[in-house]
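Peer 1: One structure coming up, written as structure tokens, with questions to follow.
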């Protein structure tokens with residue numbers, strides 16, 4: 001979160017004053033989303049620089065800022081539920097000697113107003129705890145911790161029978177174009193699936209690992225298999241993979257680790273767009289491919305290779321879902337344009353945002369400091385206390401953009417109801433017109449490891465790693481990887 005500071009541009013009534021007039025002790029009264037709070041701040045002005053201390057949550061927070069003419073900006077860093085946040089004050093000194101302006105809480109994207117009046121020295125130890133009330137109450141107002149979360153797609157319920165829907169098959173063979181020899185391409189593990197509706201059926205593209213390499217995560221070769229179902233639970237599989245490393249322009253980025261962790265959307269013209277991870281056992285890269293039939297594919301390489309001077313083309317990147325909408329005429333999810341652009345939530349460890357006009361070439365969204373704008377980060381005591389990671393393609397709804405994402409639990413300060421390092425799925429809501437603006441976030445997972453094969457497997461700590469989401473026969477169906485070993489499905493009614 002640090003460094004991701006965006007200061008609001010404000011217009012104030014002009015009044016001349018000396019910079020040193022800002023120095024001193026101030027009683028600050030803030031109002032955010034209808035909630036009131038106060039604190040004491042002691043500011044020091046040296047030239048055009050502001051330093052000092054604001055006391056909140058029984059801690060002294062170091063203040064930094066600048067002053068120019070009758071305008072001043074200062075900020076300090078704190079936390080909410082273990083997640084770092086920054087409070088940014090932008091103000092002007094009024095003729096009355098009062099400071100007035102706006103306060104912004106980042107990265108929660110909530111703003112309000114504040115006023116500050118001179119405070120007597122005796123007030124220095126009487127400040128109230130401002131940071132938590134401002135953040136917590138404002139977020140409640142926005143719905144982030146509200147009890148009624150009708151915007152959610154989950155929680156999800158497993159079917160009575162049928163799971164896991166895809167298992168390894170040691171008998172499957174494939175003539176590998178790189179090795180030029182047959183391989184048992186889905187012998188060890190089948191997991192982390194993409195899903196889409198095609199011709200009235202659910203199609204799943206799942207990651208399959210062969211029996212080559214060392215017995216360790218990431219040390220086998222991954223390819224994508226395809227399975228088709230008329231009911232979303234019972235699948236018929238293709239005998240050979242439909243997407244794999246080959247003697248092509250992407251071989252150096254895909255061999256020997258393979259192609260991993262797909263997400264899949266359909267464009268308005270019926271083209272299928274695949275986001276996936278290229279893994280050469282050196283660096284993971286988010287890449288793009290398209291197909292008209294889900295069998296024959298065109299690869300385009302890095303999703304970011306033409307953006308911002310190739311700044312992000314070679315960085316570690318993965319786990320991307322393109323925003324979709326429910327096309328009621330077609331009865332399925334279609335890639336959604338928002339203000340003329342497509343949007344993609346991506347990232348492992350932190351969730352970021354990118355945009356595109358063609359679904360192939362993507363530009364990451366940066367903050368004013370020239371770094372990636374952070375949308376989701378870890379939270380102490382929650383299922384995502386270690387880190388969040390992108391999930392299936394988000395859905396644009398009447399409430400906003402619903403992002404289902406995966407969270408890894410931390411060993412220390414994690415969710416005590418989950419095992420250390422376990423992955424569970426949660427949801428976040430973003431503004432329909434401002435995709436970087438988070439409105440709400442679930443505190444509890446909507447899908448978590450519960451069954452034996454979800455709680456342990458190749459990944460011993462367990463996962464319900466969600467990558468595929470479809471609207472099918474009047475309900476939501478989510479497809480997920482079980483402990484990096486199997487594929488399962490769960491359902492939720494359409495609310």
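Peer 1: Scan the stretch 124-137 and give yes if some residue there is modelled with pLDDT under 85, more than 26 Å from residue 22 (Cβ to Cβ), touching a strand residue (DSSP E or B) at 6+ places or on another chain (Cβ under 6 Å) and surrounded by 15 or more Cβ atoms within 10 Å (Cβ to Cβ), otherwise no.
Peer 2: yes
Peer 1: Go through the stretch 5-75 and tell me which strands (runs of 3 or more DSSP E), entirely inside it, have 1 or more residues that are modelled with pLDDT under 65.
Peer 2: Values: elements: 24-32, 35-46, 49-56, 59-68.
Per the criteria, 35-46.
Peer 1: State whether one or more residues within the stretch 359-366 are closer than 24 Å to residue 153 by Cβ and surrounded by fewer than 24 Cβ atoms within 10 Å (Cβ to Cβ).
Peer 2: Checked the stretch 359-366: at least one residue is closer than 24 Å to residue 153 by Cβ and surrounded by fewer than 24 Cβ atoms within 10 Å (Cβ to Cβ).
Peer 1: Need the failing condition index for residue 269 against (1) touching a residue at least 40 places away in the same chain (Cβ under 8 Å); (2) assigned to a loop (DSSP other than H, G, I, E, B); (3) at negative phi, just the number.
Peer 2: (1)
Peer 1: Would you confirm whether or not the stretch 338-346 contains a residue that is part of a loop (DSSP other than H, G, I, E, B) and touching a strand residue (DSSP E or B) at 6+ places or on another chain (Cβ under 6 Å)?
Peer 2: Among the residues of the stretch 338-346, not one is part of a loop (DSSP other than H, G, I, E, B) and touching a strand residue (DSSP E or B) at 6+ places or on another chain (Cβ under 6 Å), which makes the answer no.
Peer 1: Scan the stretch 277-310 residue by residue and report those that are farther than 26 Å from residue 336 by Cβ and over 18 Å from the mean Cα position of the chain (by Cα). Break it down stepwise before answering.
Peer 2: Residues of the stretch 277-310 farther than 26 Å from residue 336 by Cβ: 279-284, 309-310.
Scanning the stretch 277-310 gives 279, 280, 281, 282, 283, 309, 310.
Peer 1: Among the residues that make up the stretch 187-194, is at least one of them touching a strand residue (DSSP E or B) at 6+ places or on another chain (Cβ under 9 Å), surrounded by fewer than 19 Cβ atoms within 10 Å (Cβ to Cβ) and within 29 Å of residue 472 (Cα to Cα)?
Peer 2: no
The values are calculated or read from the model by the stated rules, or taken from the named source; none is laboratory data. For clarity, every value in this text was computed on a predicted model and none was experimentally measured. Every residue, glycine as well, gets a Cβ built from its backbone with ideal geometry; the counts of neighbours run over all protein chains shown.
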